[in-house]
Amino acid sequence: MKLLMNLSCALLTLCALTAPAQANKLDDLLQKVNAEQQQNRAKNVLRKDDFMGDLTHWQDKLKSAQARLNLAKTQVSEKGSFFEGNEKILTTLDAELDLAKGNLGELFGVVRQISGEFAGSIKGSVTSAQYPQRDDFIDSLAERKALPSISELERLWFVMQQEMTASSKVATFNTKVLNTAGVASEKEVTRVGAFNLIADQQYMVINPESELLQPLSRPVPSNVQRTLDNWLDDSAQVKPFYFDPAKGDLLTVLSHTPTWTERIKQGGSIGYLIIGILLFGLLIAAVRFITLGKESIKIQKQLKQLEANPNNALGRLFAIYQSNRNQTTQVLELKLEEAILREVPRLERGSSVLKILAAIAPMMGLLGTVTGMIGTFQSITLFGTGDPKLMAGGISMALITTVMGLVAALPLLLIHSLLHSRAGSLINIIELQSAGLIAQQAEAEAYQQMQGTGKDPAAATRQVNKLETHDRVI
């Protein structure tokens, strides 16, 4: 407690000593603030005196601005009245103009419509190659907002009449033609009506960028080219001619038609295999036709002679008969059947191979189509279906193998049928002669038996007649 009392006394003594010093500082601050306020009052008084001195000047400026404003309002009012008067005059003049034009306004619309339609037709017309610089005039007439003059109407009529007249004639003229390298040169061009242009014995089309003539990107088919050459040799006579009513579009499509060589290349490796199958089958068929033809000639010769010739199937059959004629009928029949069984495979050789090849060819074509369609769908997966030509071209290339397979199978089937029929006819001749030989042997045995048993000769004769009748039927 004593300690706290001592500390309190010390603090009171310190505050009593510092109070006079703080009071002096506050007095100085108060005097400084008072001095600044007096200075500000003096400045404000000076500002007020300056403003009051310029009051007359600003009042004069205000009066001048008000005078200009009143003058501008007066001018606006006067010009507004003048504008309204001009509007009335323009309305009156428009009415007078419409009255003066009469039907010319309708004529102007018709001229613009006809010019626009005609401009589109002559831009792609082949006659523009002979009569250039018509497009600009027709385009300007179609876009014009003023009435056309009489001379312009007459020129429009002349151009239309010129187009109609040119479409009925074959004309020759000189103009610039682009070659395959893109170099232009002056050449003689033949125009066939409004359909085709011909130069250097080639069909020409108009280049849309340079508006010059150029040949087709690919040659036309050979039959079309031959017809064109014949017509150009003597165009004065009436001869066949291929013309394009689409002004070159159909010829362009026709020129891009793949040739047989290109079709075969589109078939790929499977297409070449199908062609190999066809050629192999034709080779076998040719060999068999030649062999069967020779065999048929030899058999026909053998039928006309009794001496057996071993160079043909029937001769070998006769040789077996002659070497076994002392045998019984049953033994002879077995010998002849054995000989026929040996000859049949020789005559039918190659027939089964042709049948198999005819069955394999369309299956190979189907395989090529399936693999081609797989490739087409892979292309669609990568590039999408935005280009229908890509998908159509892939499908066309895929189907070509099916066509090749069917084309190979049809002749092979026909040839197989012909060979089988040819071999069958020869086999029938051999079997018929074999049956006749057996019947002859049976007849001889029956006659011998009747003589040995002492039967009635008339009965034996009747039995022989029956056998002979049976032989003739066979």
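The values are calculated or read from the model by the stated rules, or taken from the named source; none is laboratory data. Bear in mind that the values here come from a model prediction, so they are computed numbers and not experimental data. Here the Cβ is made from the backbone with ideal geometry for all residues, glycine too, and neighbour counts use every protein chain on show.
Some points to look at:
- For the stretch 121-147, the set of residues classified as small (Gly, Ala, Ser), at pLDDT 80 or above and loosely packed, with under 14 Cβ neighbours inside 10 Å consists of 140 only.
- For the stretch 194-218, taking the residues that are farther than 20 Å from residue 171 by Cα and within 24 Å of the chain's Cα centre (by Cα), the one that is modelled with the lowest pLDDT is identified as 208.
- Only a single criterion out of (1) of a type in the set (A, V, I, L, M, F, W, C); (2) in the same structural domain as residue 245 (by TED's automatic domain parsing); (3) in contact with a strand residue (DSSP E or B) (Cβ under 8 Å, 6 or more places away or on another chain) is not satisfied by residue 181, namely (3).
- Selection status of residue 240, exposed (fewer than 12 other Cβ atoms within 10 Å of the Cβ) and modelled with pLDDT of 80 or more: yes
Residue-wise test of (1) at pLDDT 90 or above; (2) within 19 Å of residue 271 (Cβ to Cβ); (3) assigned by TED's automatic domain parsing to the domain that holds residue 302.
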residue	(1), (2), (3)
384	no, no, yes
390	no, no, yes
393	no, yes, yes
411	yes, yes, yes
431	no, no, yes
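- Conditions (1) surrounded by 15 or more Cβ atoms within 10 Å (Cβ to Cβ); (2) free of Cβ contacts under 8 Å to residues at least 40 places away in the same chain: number failed by residue 115: (2)
- Condition broken by residue 241, with the remaining ones in (1) in contact with a Phe, Trp or Tyr (Cβ under 7 Å, 6 or more places away or on another chain); (2) in a helix (DSSP H, G or I) satisfied: (2)
Residues checked against (1) out of contact with any Pro (no Cβ under 6 Å at 6 or more places or on another chain); (2) without any contact (Cβ under 8 Å) to a residue 40 or more places away in the chain; (3) assigned by TED's automatic domain parsing to the domain that holds residue 422:
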residue: 233; (1), (2), (3): yes, yes, no
residue: 240; (1), (2), (3): yes, yes, no
residue: 244; (1), (2), (3): yes, no, no
residue: 249; (1), (2), (3): yes, yes, no
residue: 261; (1), (2), (3): yes, yes, no
residue: 272; (1), (2), (3): yes, yes, yes
residue: 276; (1), (2), (3): yes, yes, yes
residue: 283; (1), (2), (3): yes, yes, yes
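- Some residue of the stretch 219-233 being at pLDDT 80 or above, closer than 15 Å to residue 408 by Cβ and in contact with a Ser or Thr (Cβ under 9 Å, 6 or more places away or on another chain): no
- Verdict on residue 402 being modelled with pLDDT of 85 or more, buried (at least 16 other Cβ atoms within 10 Å of the Cβ) and polar (S, T, N, Q): yes
- Looking at 295, 343, 337, just one residue is of a type in the set (Asp, Glu), surrounded by fewer than 18 Cβ atoms within 10 Å (Cβ to Cβ) and not in a loop (DSSP other than H, G, I, E, B), and that residue is 337.
- Residues in the stretch 420-435 that are within 12 Å of residue 336 (Cα to Cα) and surrounded by 16 or more Cβ atoms within 10 Å (Cβ to Cβ): 430, 431, 433, 434, 435.
- Condition check for residue 316: of a type outside the set (A, V, I, L, M, F, W, C), surrounded by 14 or more Cβ atoms within 10 Å (Cβ to Cβ), part of a loop (DSSP other than H, G, I, E, B) and modelled with pLDDT of 80 or more: no
- Test: residue 74 is under 30 Å from residue 214 (Cβ atoms) and not assigned by TED's automatic domain parsing to the domain that holds residue 208: no
- Flag for residue 110 being within 30 Å of residue 152 (Cα to Cα), at pLDDT 75 or above and either among the hydrophobic types (A, V, I, L, M, F, W, C) or surrounded by fewer than 10 Cβ atoms within 10 Å (Cβ to Cβ) (or both): yes
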